[in-house]
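The next block holds one structure in the form of structure tokens; read it before the comments.
The values are calculated or read from the model by the stated rules, or taken from the named source; none is laboratory data. As the structure is a computational prediction, the values presented were derived from the model and not from experiment. Note: ideal-geometry Cβ built from the backbone for every residue, glycine included; neighbour counts use all protein chains shown.
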């Protein structure tokens with residue numbers, strides 16, 4: 001692990017911070033690319049910036065609240081790690097959604113265009129968590145177990161590199177999202193699959209994490225993951241007839257909720 005890369009005066013540049021910056025840059029680039037693919041307004045990418053700010057704020061605030069009894073509030077807020085997945089998810093999606101509605105952009109197509117960026121940005125962030133030794137799993141005897149003697153918190157036991165497990169899953173999810181969008185899968189279906197995929201992945205990973213259980217064997221992240229899966233399932237069920245209509249007659253709603261009927265422009269990403 002490489003928690004600290006270098007120092008400028010009293011300011012430490014951490015591997016986590018660098019990876020988060022890379023995640024933001026790549027995520028915004030992907031979002032703009034997918035907006036062009038869907039013939040949506042280029043300035044809708046501003047919703048991504050708003051979502052990044054809301055995501056960081058939500059992730060840090062919820063993590064600070066959860067660990068308020070462990071250290072002074074300012075120490076928690078300024079710590080090099082410590083981000084809550086569900087806080088970031090709710091804060092980022094909530095802030096971005098509010099801005100999309102405020103600007104009058106089509107909600108489902110814009111959110112669907114953001115899904116590959118969300119998956120790959122999350123992937124890079126998880127690598128940052130691994131480098132700084134945060135969000136690891138339970139002790140394991142498996143040969144790929146990793147110790148984090150300078151982690152958050154430190155451990156000399158070999159533990160599951162849960163961050164890398166999740167990163168691999170997010171890579172597969174991001175690849176599938178791009179493939180679905182390129183093949184013309186309706187936006188509502190793409191968005192629903194993203195919620196289900198991201199939620200199910202985190203739900204499974206959480207069983208090898210050491211987070212506090214609040215309802216039986218489930219942590220708060222478990223419950224948030226189930227909520228995400230529920231939202232995704234609702235999107236799929238409510239848009240199933242729309243998906244079937246692609247093979248036959250066109251639905252009057254297709255132009256609003258699907259990228260399948262939008263004309264392709266020469267020279268644009270495919």
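Listed here are the residues, each with its yes/no results for (1) assigned to a loop (DSSP other than H, G, I, E, B); (2) touching a strand residue (DSSP E or B) at 6+ places or on another chain (Cβ under 8 Å); (3) at pLDDT 80 or above.
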{"site": "235", "(1), (2), (3)": "no, no, yes"}
{"site": "243", "(1), (2), (3)": "no, no, no"}
{"site": "252", "(1), (2), (3)": "yes, no, no"}
{"site": "264", "(1), (2), (3)": "yes, no, no"}
{"site": "269", "(1), (2), (3)": "yes, no, no"}
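Only residues that are buried (at least 22 other Cβ atoms within 10 Å of the Cβ) and assigned to a loop (DSSP other than H, G, I, E, B) were counted across the range 131-150, and they come to 3. Working carefully through the options 98, 119, 147, find the one that is modelled with pLDDT of 90 or more and under 17 Å from the mean Cα position of the chain (by Cα). Sole residue among the options that is modelled with pLDDT of 90 or more and under 17 Å from the mean Cα position of the chain (by Cα): 119.
Only one entry in 221, 167, 188 is modelled with pLDDT of 95 or more, under 30 Å from residue 147 (Cβ atoms) and surrounded by 14 or more Cβ atoms within 10 Å (Cβ to Cβ), namely 167. When residue 233 is tested against (1) more than 14 Å from the chain's Cα centre (by Cα); (2) in contact (Cβ under 8 Å) with a residue 40 or more places away in the chain; (3) surrounded by 19 or more Cβ atoms within 10 Å (Cβ to Cβ); (4) over 26 Å from residue 155 (Cα atoms), just one condition goes unmet, and that condition is (3). Is it the case that residue 194 is within 23 Å of residue 12 (Cβ to Cβ) and either in contact (Cβ under 8 Å) with a residue 40 or more places away in the chain or in contact with a helix residue (DSSP H, G or I) (Cβ under 8 Å, 6 or more places away or on another chain) (or both)? So residue 194 does not fit the description; no. Taking each residue of the range 96-116 that is free of Cβ contacts under 8 Å to residues at least 40 places away in the same chain and looking for partners that are crowded, with 20+ Cβ neighbours inside 10 Å with beta-carbon atoms closer than 6 Å, six or more apart or interchain, yields 107/100. Considering each residue of the range 151-168, count those that are in contact (Cβ under 8 Å) with a residue 24 or more places away in the chain and assigned to a loop (DSSP other than H, G, I, E, B), and give that number. Within the range 151-168, residues that are in contact (Cβ under 8 Å) with a residue 24 or more places away in the chain and assigned to a loop (DSSP other than H, G, I, E, B) number 3. Can we say residue 128 is at pLDDT 90 or above, within 29 Å of residue 27 (Cα to Cα) and crowded, with 21+ Cβ neighbours inside 10 Å? So residue 128 does not fit the description; no.
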